[in-house]
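Since the structure comes first, as structure tokens, the remarks are kept for the end.
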Amino acid sequence: MSTIETGDPWPRMRGVVTAVVSSLRSGSFIEEALESLCVQLGASSAWSTLETKGGGRIHRSRTTSLAVAPAVLAEHVTQVLDQVQTEHRTVAGSVPYAPKGSFIGVPLWSHPTGDHRSLIGVMYLEFPNDEGTQGPVLEFVECVGSMLGGAIVQQCLIEAKEEALLVERAKHPNERYFRLDELLAFDSMSAVREELGAAIAGNASIMLLGESGTGKTQVATAFARASNREPIHERGTFSGAAGKRRGLV
């Protein structure tokens, strides 16, 4: 008998919602939601893939599943995720590689209902027994999927607006300059974050390249302050640059 059937589901839903809300700003709310689902429902494994995160970024929680080989589990999960994405519906059943165990694959929609919704990802959960085939558990997971899909969309919109705001502020010299961790907090800056993280402790010269208005001055200033260096601007490197000036931004 499932944990949903043996008690009130709302405390469990509260646990999932709390995990999502408390980790929104850290960017880890998807992983936290998967982990919370494992805890609240007794799932042995949880996965997700998001089209909004670079064409299918995989998130995992508790990947050890029913003592099955990782490659076998990964193949099954991929098949379920592909089926849900193709058929645009929840898929559930018994696992094919163990005498017991079940799974649920749930679509993540940009909006719960309506003609304008779009599929932005898929979530997979696996259970040690037949929980994945039981109606109350299916309804619970689908409800969480609706909430998670909406949270993903809103978070993407917030990050896009914050990035646009940073770019716009970089065009105005009188605006305050941001700290390096503020500028590099977004997922889209992960590659730059890794490169500057490796360079900040060294003494090598750093050159930032990019189109006008993309925030090079902001990044250069933030990096210089974080590494106790002084930026050097050459003639033509930004609007109004008339020659080499040390320490002026």
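The values are calculated or read from the model by the stated rules, or taken from the named source; none is laboratory data. Please read all numbers here as calculations on a predicted model, not as lab measurements. In this analysis, Cβ positions are derived from the backbone assuming ideal geometry, glycine residues included, and neighbour counts consider all displayed protein chains.
Out of L66, L125, L73, L50, one residue alone is at pLDDT 90 or above and not acidic (D, E). It is L125.
Consider the range 27-47 and keep the residues that are not in a helix (DSSP H, G or I) and not hydroxyl-bearing (S, T, Y). The one that is modelled with the lowest pLDDT is G27. Taking the criterion of being out of contact with any strand residue (DSSP E or B) (no Cβ under 9 Å at 6 or more places or on another chain) and part of a loop (DSSP other than H, G, I, E, B), the residues of the range 112-152 that qualify are P112, T113, G114, D115, H116. Scanning the range 205-249 for residues that are at pLDDT 75 or above and among the hydrophobic types (A, V, I, L, M, F, W, C) yields I206, M207, L208, L209, V219, A220, A222, F223, A224, A226.
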